[in-house]
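The values are calculated or read from the model by the stated rules, or taken from the named source; none is laboratory data. Quick caveat, the model's predicted, so the values are computed rather than measured. Here the Cβ positions follow ideal geometry from the backbone for every residue, glycine too, while neighbour counts run over all protein chains shown.
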Amino acid sequence: MGSGGQGVVVAAKLLADAAAKGGYISQSFASYGALRRGGQVESFVRISGSQILVHSKMYGADYLVIMDESFVKKSKPALGVKDGGVLLINSSELPEAFSSLGDFKIVTINASSIARSRGVLLPNGVPVINTTILGAVVGVVSIVNFDHLAEAIREGKIPVPEKNIEAAREAYQEVVGEAKVAAAKGIEGGNLEKAAERYPVYNRDKMPRCNRCMVCYIFCPSLAISYETKPFWLNINYKLCERCGICIEECPRKAISWGVSN
Amino acid sequence: MIKVITGNEAAAYGALLSQPEVVCAYPITPQSQIPEKISEFYAQGLLKGKFINVESEMAALGYVTGASLCGVRVFTATSSQGLAWMHEGLHWAAGARLPIVMANVNRPFGAPWNLTCDHIDSLAQRDTGWMQFYCESNQEILDTIIQAYRIAEQVSLPAMVCLDGVYLSYLSESVNIPDQAKVDEYLPPYDPQFEIPGGTWKLVDIHPPMKGGYDLFSPTGFMGDRYELHKLESRCLETVVKADKEFYELFGRSYPPVEEYKCDDADVVVVCVGSAVGTCRHVINSLRNRGQKVGLVKMKMFRPFPKDLVRKVLLGRRKVVIIERDLSPGQCGIFFQEIKWALNIDYKFTPVYGFVSGLGGADITATLIEKAILYTIEQELPEQEVIWLGLEEKKISDDYDRNAIKIH
């Protein structure tokens, strides 16, 4: 699972591709609503030695990859993983930080930092982590061969495939040699945590800038913005807000900005 | 060549291998990938025909109808509201006996708005005269489209290949893409040198095409035409079975119109449609391991309704379970109506349990199917036409809520 725009669906497809190259029968599947960038997206992969009959969503999976740690930090969702299953979390923290999630084996990997250092970035500088984290997945799910993953990435119509593969290889090696992981973790991070905690703010200081065009209200994918008329005031419902930043991007008068919680 | 592709891509590959000369489709979620992929094929020069951009679904069907009247092989694809907009055109195409093949990605009609899977869109078109085939897996989608061209061109009727929205359309799985040469052997180029059965016109004589069967008919003439259409529909099952047999000989894969799975000694037989069939097979296997005599019937073909095959396999069973993804509100499930009708033709009683499940893309899980089968085994006789399977918990406010049978 991850946020819309992180490449959750593509990652599942690539993993299924890689497994198929290794002679397995594989299936990948995604469930997403009408949400755009920022909403929660789930995708599923089944890998089997024989024909896969089941075509439903997945309940009680063996492995769960969490690309956006804020989903498990904000709340404790039902994870759909069987007891004793493996959670692979994109996080700068040590696995112990997530031990409250339940009876799972937890592996963490700082995919964002690896992707950033390898230059796997969107034009706006946000790291693209889906291929990086796949390297770690292949390290954890030992039946899939890394070379097959590299081949799948090359064929997958992804921009700059070689950079993606290098990032994936680094993540793969980190997970395979687990001793190294613990050492590398203390140093990096910080940025990602801030990114997860920030949220859009519309406050009184910015009131004069706002021209009440309601663009933010129209663009919000999760209908988190509502308004009052007398006196005019915008409300952001933080329970619904996905922290996607579309309102900040769209506001023509820069009346909404990022705020960071203390 | 084995590739991991989505159901939509499988449909596009099926179309590519059949080499239609005209393709028009208007994008709609969850079908958009089909025209996208076909336009890619066209840009790469793999598709020899014309890919025409159109402004709506009605125009898409209008274009392919016109092209088909000129005697070329055509393809289109749509879903849900798009299919509803084609409704009038569907009648025209079937009435003119045009072998159009269309992929329909099943999705319910609004309101409320929904983008997932429900069979109501194609089932609502059941009286248009189109053949309808429902697919279980991505491989089956690809193969069925190739088969559909052969069947449609032999019986000269349009065919609709239905695939479940999201559960197949967005699901990637390993698909064996056959060689073009082998497909060409199975599906020779379309040769419209035939007299349309029952019609007084010849397709090849129609030039310009606007006249094709679209003359004004007197009431008696029209009724005679419907008689011929009915005759054609009643006979097309033979062609379907034969086409499937030949497909099996060439490709080693078979999709009979009514497929039996572990039915030989089964007391309870489950009837299922679409992507849930695979999940159902899994449940049947696990129940068989526990000693229950259960079997599965997959309804691949819905129109023309293969009533003889249905009766052959279902008559005299102790219990029949139907799990379907559609509902005729106020009545019951549509497959339930049709199958119950088929089983009661000679007034023998076979208990049929109609489960309505998975509407609007709710998941039909293995657990739910198992619950439905175990419930049926326990019951003596079916009490109601609709049994709600997997309905979310509702507040009980009146007698209907109290009496409705719900399995969560």
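Taking B:LYS319, is it charged (D, E, K, R) and either touching a residue at least 12 places away in the same chain (Cβ under 8 Å) or buried (at least 16 other Cβ atoms within 10 Å of the Cβ) (or both)? When the stated conditions are applied, B:LYS319 passes them. If you go through segment B:283-311 and pick out every residue that is without any contact (Cβ under 8 Å) to a residue 24 or more places away in the chain and farther than 18 Å from B:THR365 by Cα, you end up with 3. For segment B:68-96, the set of residues classified as touching a strand residue (DSSP E or B) at 6+ places or on another chain (Cβ under 7 Å) and either without any contact (Cβ under 8 Å) to a residue 12 or more places away in the chain or over 21 Å from B:LEU163 (Cα atoms) (or both) consists of B:SER68, B:VAL72, listed by residue number.
Is it true that some residue in segment B:268-278 is surrounded by fewer than 23 Cβ atoms within 10 Å (Cβ to Cβ), polar (S, T, N, Q) and modelled with pLDDT under 95? No, because not a single residue in segment B:268-278 is surrounded by fewer than 23 Cβ atoms within 10 Å (Cβ to Cβ), polar (S, T, N, Q) and modelled with pLDDT under 95.
Going by the structure shown, is A:ASP147 more than 30 Å from A:LEU240 (Cβ to Cβ) and modelled with pLDDT under 85? Answer is no for this residue. Here B:ILE364 fits the description: touching a strand residue (DSSP E or B) at 6+ places or on another chain (Cβ under 7 Å) and among the β-branched types (Val, Ile, Thr). Cβ separations smaller than 6 Å between residues 6+ apart or across chains give the following pairs from segment A:41-54 residues that are within 11 Å of chain B (Cβ to nearest Cβ) to residues that are assigned to a loop (DSSP other than H, G, I, E, B): A:PHE44/A:MET58; A:ARG46/A:ILE52; A:ILE47/A:TYR24. Out of the residues in segment B:259-295 meeting the condition of being more than 17 Å from B:GLY333 (Cβ to Cβ) and among the hydrophobic types (A, V, I, L, M, F, W, C), tell me which one is farthest from the chain's Cα centre (by Cα). So, considering only residues that are more than 17 Å from B:GLY333 (Cβ to Cβ) and among the hydrophobic types (A, V, I, L, M, F, W, C), the one farthest from the chain's Cα centre (by Cα) is B:LEU287. Within segment A:127-172, the residues that satisfy the criterion of being basic (Lys, Arg) and within 18 Å of A:ILE114 (Cα to Cα) are A:LYS163, A:ARG169.
Restricting the search to helices (runs of 4 or more DSSP H) fully inside segment A:59-159 and requiring at least 2 residues that are more than 14 Å from chain B (Cβ to nearest Cβ) and either closer than 23 Å to A:GLY22 by Cβ or touching a Phe, Trp or Tyr at 6+ places or on another chain (Cβ under 6 Å) (or both) gives A:130-140, A:146-155.
Restrict the check to segment B:25-41 and report whether at least one residue is over 23 Å from the mean Cα position of the chain (by Cα) and not small (Gly, Ala, Ser). Looking through segment B:25-41, at least one residue is over 23 Å from the mean Cα position of the chain (by Cα) and not small (Gly, Ala, Ser). Of all residues in segment B:250-288, those that are away from chain A (no Cβ under 14 Å) and assigned to a helix (DSSP H, G or I) total 2. Could you tell me whether segment B:100-115 includes any residue that is in contact (Cβ under 8 Å) with a residue 60 or more places away in the chain, part of a loop (DSSP other than H, G, I, E, B) and under 27 Å from B:ARG226 (Cβ atoms)? Looking for residues that are in contact (Cβ under 8 Å) with a residue 60 or more places away in the chain, part of a loop (DSSP other than H, G, I, E, B) and under 27 Å from B:ARG226 (Cβ atoms), one finds none in segment B:100-115, hence no.
Taking first residues from segment A:78-99 that are loosely packed, with under 14 Cβ neighbours inside 10 Å and partners that are in a loop (DSSP other than H, G, I, E, B), the Cβ contacts under 8 Å between residues at least 6 apart in sequence or on separate chains come to A:ASP83/A:GLY102; A:ASP83/A:ASP103; A:ASP83/A:PHE104; A:GLY84/A:ASP103; A:GLY84/A:PHE104.
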